[in-house]
1. Could you tell me whether any residue of segment 167-184 is in contact with a Gly (Cβ under 7 Å, 6 or more places away or on another chain), surrounded by fewer than 24 Cβ atoms within 10 Å (Cβ to Cβ) and at pLDDT 90 or above?
2. Across segment 165-183, what is the number of residues that are within 20 Å of Asn60 (Cα to Cα) and either assigned to a helix (DSSP H, G or I) or not hydrophobic (A, V, I, L, M, F, W, C) (or both)?
3. When residues of segment 237-256 are filtered for being part of a loop (DSSP other than H, G, I, E, B) and under 25 Å from Phe126 (Cβ atoms), how many remain?
4. Here are some conditions: (1) at pLDDT 95 or above; (2) crowded, with 17+ Cβ neighbours inside 10 Å; (3) closer than 23 Å to Trp334 by Cα. Thr242 meets all but one. Which one does it not meet?
5. Taking the condition open to solvent by 10 Å² or more (accessible area, probe 1.4 Å) and in contact with a Phe, Trp or Tyr (Cβ under 8 Å, 6 or more places away or on another chain), does Pro279 pass?
6. Give just the number: which of (1) closer than 30 Å to Asn130 by Cβ; (2) at pLDDT below 70; (3) among the hydroxyl-bearing types (Ser, Thr, Tyr) does Ser23 not satisfy?
7. What is the residue count in segment 227-273 for residues that are of a type in the set (Phe, Trp, Tyr) and free of Cβ contacts under 8 Å to residues at least 12 places away in the same chain?
8. Would you say Glu65 is acidic (Asp, Glu) and at pLDDT 85 or above?
Amino acid sequence: MIGLIFLACLLAVNGAPESRQASMGIQVCTGPGNCQVENTGVVLDFNWYGCEDPYNCYTNPSQGEYESGWGIKFSNGNEMTLTSDTRTYLTSAPNSNQLIIWYNKFYLSNVSCQISWFSKKRYRMFYLLNKELSFEVDVTACGCGMNSALYFISMESDGGQASSGYTGATYGTGYCDAQPPQPGRPSCDELDIWEANSLANVYTTHPCLNGQCDPYGCGFNAYARGDKNFYGRGPGYQLDSTQKFTVVTRFVTVDGTDNGDLKEMQRFYIQNGNTIQQPTFNGFNGVSDEYCTFYGQSNAQGGVSYGMSQGMRKGMVLSMSMWGSPNDGSVMTWLDNEPNGPCPVYQNPNPYTSFGNIKIGPIGSTV
């Protein structure tokens, strides 16, 4: 993608890495109202701060340079706003809890920002089976053609330092996802928790087995299933995308334990103090093997229960991004054009998205 910038967020629990990084905290919960802040940080993917060689990257931007160079704003200790083509990874280190991503008009066509978490010079690994994840998101300014994304990938925790000789997670190396491999970018398990703009949203499983991944995946999009009044811009929708809201995802296992295989990804939302349930279609309101089969979704490489569970057990890195083209409402047809969404009906030449108040813990503990 032209003008694509990756932002990798690395979180470090016990002391910051030697390199510079921005702060963004998350909360680890043990029960309702019982959550502790984990000091974490963010780091830019090596490709996008001027280093083209993952074997020889030994610097990254300061927090001030994230804002001045990539339009990435940190606030409240737990929120980040993205405004340009960037990708970030969550690591373990410093403290801020909001990420805001803005589109920078000086970049060409596509926009992207990605975040990952880091700990002790490693990416912060998440073990999601039998857990609940919640976060606040603002997609008010994301129109047709844009994708505000929060997802997990089974990157190596050291950023490929041991296996490939890269300089490591401290410097934002080692990216992978479920798309076909490219030179320097292998394929790996991908769990898309949130891919959206203000017109449509979807969450999708992309498992891998024996080195082969499912690039299409099995996704849940309420608009595509037939409810065109659930999500959209304004008070006429159950979930109003012109206001901030909380996304809650539960990774329910077959036996209710952390060791069980994934049974279903469940979803609901909270906005203005009200809980908004995901719509139900033909008895399904989450992603499961049965749902994927019923709707003819791709469910290859072991599917939701077996295949996705294998990737989740490895531990996954949290990544946040914004990408697309704010001036071309047809570039996200898989997300927001018919039959998946109403685009092109609204575009914004200056999009941004924010992620914040990220919480992880046992089911029922984060909200």
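1. No, segment 167-184 contains no residue that is in contact with a Gly (Cβ under 7 Å, 6 or more places away or on another chain), surrounded by fewer than 24 Cβ atoms within 10 Å (Cβ to Cβ) and at pLDDT 90 or above.
2. 11
3. Qualifying residue count for the region: 4.
4. Among (1) at pLDDT 95 or above; (2) crowded, with 17+ Cβ neighbours inside 10 Å; (3) closer than 23 Å to Trp334 by Cα, the lone unmet condition for Thr242 is (2).
5. Yes: the conditions hold for Pro279.
6. It is condition (2) that Ser23 fails.
7. Going residue by residue through segment 227-273, those that are of a type in the set (Phe, Trp, Tyr) are 230-231, 237, 245, 251, 268-269.
Filter once more, so that each one left must be free of Cβ contacts under 8 Å to residues at least 12 places away in the same chain: 237.
Residues meeting the conditions: 1.
8. no
The values are calculated or read from the model by the stated rules, or taken from the named source; none is laboratory data. Every value quoted in this text rests on a predicted model; they were computed, and no experiment measured them. In this analysis, Cβ positions are derived from the backbone assuming ideal geometry, glycine residues included, and neighbour counts consider all displayed protein chains. Note: accessible area is taken over every heavy atom of the protein model, side chains too, but ligands, DNA and RNA are not part of it. Shrake-Rupley method; radii C 1.70, N 1.55, O 1.52, S 1.80 Å.
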